[in-house]
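Asks: Shown below is the structure under consideration.
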């Protein structure tokens, strides 16, 4: 009877978790950036897991996160942070530390999660998922056939370009 009671208790717990409404709140930077996250992986994940994802705008820094923690009213589950805020917040105990190989599944080929991320993590409290780059372009017509070969040349006046031509790049 004792085993049956434990089994029924465990079963009812599992059923209550899987049938209850569950939502995740993600804090990100707003605008087109958040919309790209929502459409790119938020909506597909919500559909696959059958959960609701609420998106809120976040203006950066740690003050809002500290206020939530100090008030005992944490409302954000996932936060898109700069690496330095992740490091500082982790050092201050604001975030959960991950054991990447225990908290995340291995890749389909068996590679442990800690070896399968596309880059090193800035701290034990972060899992990176955004890649970005800065790209520079210029109008070749602005240089009269003397286009810069590197960005350094484009942004300095210590080259053969006239000041007027150089400021057209900026």
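Asks: Mind checking whether some residue in region 52-67 is touching a residue at least 40 places away in the same chain (Cβ under 8 Å), surrounded by 12 or more Cβ atoms within 10 Å (Cβ to Cβ) and under 17 Å from residue 27 (Cβ atoms)?
Replies: Step one: filter region 52-67 for residues touching a residue at least 40 places away in the same chain (Cβ under 8 Å), giving none.
No, the conditions are met nowhere in region 52-67.
Asks: Among the residues of region 40-50, is any more than 18 Å from residue 96 (Cβ to Cβ), in a strand (DSSP E or B) and either modelled with pLDDT under 95 or not assigned by TED's automatic domain parsing to the domain that holds residue 94 (or both)?
Replies: We begin by selecting, within region 40-50, every residue more than 18 Å from residue 96 (Cβ to Cβ); these are 40-50.
Next cut, in a strand (DSSP E or B) only: none.
Taking every residue of region 40-50 in turn, none turns out to be more than 18 Å from residue 96 (Cβ to Cβ), in a strand (DSSP E or B) and either modelled with pLDDT under 95 or not assigned by TED's automatic domain parsing to the domain that holds residue 94 (or both).
Asks: Right, here's the next one. Output yes when any residue across region 116-126 is touching a strand residue (DSSP E or B) at 6+ places or on another chain (Cβ under 8 Å), surrounded by 13 or more Cβ atoms within 10 Å (Cβ to Cβ) and modelled with pLDDT of 90 or more, and no when none is.
Replies: Of the residues in region 116-126, the ones touching a strand residue (DSSP E or B) at 6+ places or on another chain (Cβ under 8 Å) are none.
No.
Asks: For region 119-143, name all the residues that are assigned to a loop (DSSP other than H, G, I, E, B) and farther than 16 Å from residue 80 by Cβ.
Replies: Listed by number, the residues that qualify are 120, 124, 133, 134, 135, 136, 137, 138, 139.
The values are calculated or read from the model by the stated rules, or taken from the named source; none is laboratory data. Note that this is a predicted model, so its numbers are computed, not measured. Note that we place each Cβ from the backbone using ideal geometry, even for glycine, and neighbour counts take in every protein chain shown.
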